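Below: the structure, in structure tokens.
The values are calculated or read from the model by the stated rules, or taken from the named source; none is laboratory data. Everything quoted here is computed from the prediction, not taken from an experiment. Positions of Cβ are backbone-derived with ideal geometry, glycine not excepted, and every protein chain shown enters the neighbour counts.
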Amino acid sequence: MNKSFAKARTCYQHLAGDLGIQICDALIKIGCVHHNIIDGHSQYKLSDIGVTWTKDVGFYQTKRTQIKACIDVTHKRPHLAGAWAIELCAFLLRNGYTEQDLKTRHIKVTALGEQFLQQKLAINWAQITK
């Protein structure tokens, strides 16, 4: 697998690779997503803080709050999947925070996206992708 595939891509319609994992970890850290392990499987749930966060950043969809775990093929760690994760991916694309190569599924984080990740999730994307 090449580096750009491992760095940022879509997995079905949600984010994967380093980007998907970093967002998953950040959302757990700031309390937007609750993470539990039940019978050896990761389980995620949008918290009340997460509902407020999604409204604050502008993509909240009341009926699309389901979050599932998806094991990342490049890192063997879970990233977020499910309806809410699909909405997040679409939100980032729609607002110019990311761009997608539809032929390869690779995602590019734009300069505006780097600012969003830093301000809203405390993710230093430039540092991660050095």
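Restricted to region 95-116, and to residues that are part of a helix (DSSP H, G or I) and in contact (Cβ under 8 Å) with a residue 12 or more places away in the chain, which residue is nearest to Trp53 (Cα to Cα)?
Filtering region 95-116 for residues that are part of a helix (DSSP H, G or I) and in contact (Cβ under 8 Å) with a residue 12 or more places away in the chain, the one nearest to Trp53 (Cα to Cα) comes out as Phe116.
Taking into account only those residues within region 55-88 that are under 11 Å from Tyr44 (Cα atoms) and among the β-branched types (Val, Ile, Thr), which is modelled with the highest pLDDT?
Checking each candidate, the answer is Ile67.
Among the residues that make up region 55-64, is at least one of them touching a strand residue (DSSP E or B) at 6+ places or on another chain (Cβ under 9 Å), within 17 Å of Gly82 (Cα to Cα) and touching a residue at least 24 places away in the same chain (Cβ under 8 Å)?
No, region 55-64 has no match at all.
Taking strands (runs of 3 or more DSSP E) that do not extend beyond region 12-85, which have at least 2 residues that are closer than 21 Å to Glu99 by Cβ?
Counting at least 2 such residues, we get 14-16, 78-81.
Looking at region 1-11 only, could you name the residues that are assigned to a strand (DSSP E or B) and surrounded by fewer than 22 Cβ atoms within 10 Å (Cβ to Cβ)?
Selection gives Cys11 alone.
Taking region 100-130 as the search range and keeping residues that are surrounded by 15 or more Cβ atoms within 10 Å (Cβ to Cβ) and within 16 Å of Tyr12 (Cβ to Cβ), which one is modelled with the lowest pLDDT?
Arg105
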